[in-house]
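The values are calculated or read from the model by the stated rules, or taken from the named source; none is laboratory data. All figures in this text were calculated on a predicted structure; none of them were measured in a lab. Cβ placement follows ideal geometry from the backbone for every residue including glycine, while neighbour counts extend to all protein chains displayed. The accessibility values were calculated without ligands, DNA or RNA, using every heavy atom of the protein model including side chains. Shrake-Rupley method; radii C 1.70, N 1.55, O 1.52, S 1.80 Å.
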Amino acid sequence: MDLEALRALPKAELHQHLDGAIRIETAVELAAEVGMPLSLEAARARLVAPSRCRNQAELLTYFDLPIALLQTASALQRVSAELVERMAADGVRYGEIRWAPRLHLAGGLSVTAVIGAVGAGVAEARDRLGSQAPLIALIVTAMRSHPPGANVELAHAAAAFGMPVVGFDLAGPEATYPAPPHAAAFRAAEEGGLALTAHAGEVPGPERIREAIDLGVRRIGHGVTAADDPDTMALVRDRDVTLDVCPTSNVQAAIVPDLSAHPLARMHRAGVSVTISTDDRTVSDTTLTEEMARSAAALGMTARELADIAVNGFHRGFGAGIALSRLQEDADRAWSAWAAGEPAIN
């Protein structure tokens, strides 16, 4: 597969964490600003997770440093702008960036100020990139470990902010914290006009996936363990819930032993709506182009199957309007032409 040809194709990325995508060089510079000596080697060791962790909880420790460094409006704006530029260079034409504002309050910022700083970064990148800028939307994430009442307040603040915030999410250690206590936050977000998604399926068992569906989500981040239970697979398919899969990250979290064992292709072939994302460009040391190429090769997918999954990202995005509709049409044409001329994936 020609990686550069694949990189040039228009892509949609629906699952990208801001704090998991900080550039290593940027981390060193931000650390210096707060008096934290940090070499490039040390930064890499704390930002890039190994190819396989013990579990999801260990993988989440690689977010500790970036969260510590992203406690000012200027840092949040810079990292957001740089992420949009990295996505653009990877052929992303529509992207959704998510992060948990309540993790960035240690420096005295308010939730609204945190959202505003990320929005300013997106706008800065758009101004720099001009016509090459991707269409970017934001998803505000609540943490499972945070008090339910605080997450209700977060949902109200996210809904009140307006564009480019389009969605509300739930993340954090699944094994320890169930989703139902945060139902009121999801209702507040929904009433405020936000689309709903939630992380689930990064730990064994289908329970967390079913909890997320009960919250009324349109998409689930990861959802890998749905493939282990036929009834849950049927529920996801029947409710038309999309699973935003991040293959490298899923291997790192020890959900699957390696890419060849990932259920992505099997779920797609079973009629489940799936998309491919990086999750965390730095933590997983990957790009969307690489995720698509490696996953397709490891799973024996056809070019048409990869094209269908790629285009599905545009159709399942939370953004709306004429701009996204045009991107969908462009993606349909470009990926169809690519699939017709790509005889095999290896």
Condition set touching a strand residue (DSSP E or B) at 6+ places or on another chain (Cβ under 9 Å) and in a loop (DSSP other than H, G, I, E, B), scope region 235-273, selection surrounded by the fewest Cβ atoms within 10 Å (Cβ to Cβ): answer is Ser273
Within region 1-57, restricting to residues that are free of Cβ contacts under 8 Å to residues at least 40 places away in the same chain and over 29 Å from Ala117 (Cα atoms), the one that is surrounded by the most Cβ atoms within 10 Å (Cβ to Cβ) is Asp2
Condition set more than 19 Å from the chain's Cα centre (by Cα) and β-branched (Val, Ile, Thr), scope region 106-120, selection surrounded by the fewest Cβ atoms within 10 Å (Cβ to Cβ): answer is Thr112
Across region 233-254, the tally of residues that are at pLDDT 95 or above and farther than 18 Å from Glu13 by Cβ stands at 10
Taking first residues from region 145-159 that are farther than 17 Å from Pro181 by Cα and second residues anywhere that are among the aliphatic types (A, V, I, L, M) and assigned to a loop (DSSP other than H, G, I, E, B), the pairs with Cβ under 8 Å that are 6 or more apart or on different chains are Ala158/Leu194; Ala159/Leu194
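Does at least one position in region 65-79 carry a residue that is in contact with a Lys or Arg (Cβ under 7 Å, 6 or more places away or on another chain), in a helix (DSSP H, G or I) and at pLDDT 95 or above?
Step one: of region 65-79, the residues in contact with a Lys or Arg (Cβ under 7 Å, 6 or more places away or on another chain) are 65.
The next check asks that each one be in a helix (DSSP H, G or I); those that pass are 65.
From what's left, at pLDDT 95 or above: 65.
Among the residues of region 65-79, at least one is in contact with a Lys or Arg (Cβ under 7 Å, 6 or more places away or on another chain), in a helix (DSSP H, G or I) and at pLDDT 95 or above, which makes the answer yes.
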Quick count over region 201-219, residues being buried (at least 24 other Cβ atoms within 10 Å of the Cβ) and on the phi < 0 side of the Ramachandran plot, is 6
Does at least one position in region 192-209 carry a residue that is touching a Phe, Trp or Tyr at 6+ places or on another chain (Cβ under 8 Å), over 21 Å from Ala303 (Cα atoms) and among the hydroxyl-bearing types (Ser, Thr, Tyr)? yes
Quick count over region 143-186, residues being assigned to a loop (DSSP other than H, G, I, E, B) and not charged (D, E, K, R), is 13
Taking region 58-79 and keeping residues within 14 Å of Val283 (Cβ to Cβ), open to solvent by 30 Å² or more (accessible area, probe 1.4 Å) and not polar (S, T, N, Q) leaves Glu58, Leu60, Tyr62, Asp64, Ile67
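In the set Ala81, Ala75, Ala88, which member is touching a Gly at 6+ places or on another chain (Cβ under 8 Å) and of a type in the set (Gly, Ala, Ser)?
After applying the criteria, what remains is Ala81.
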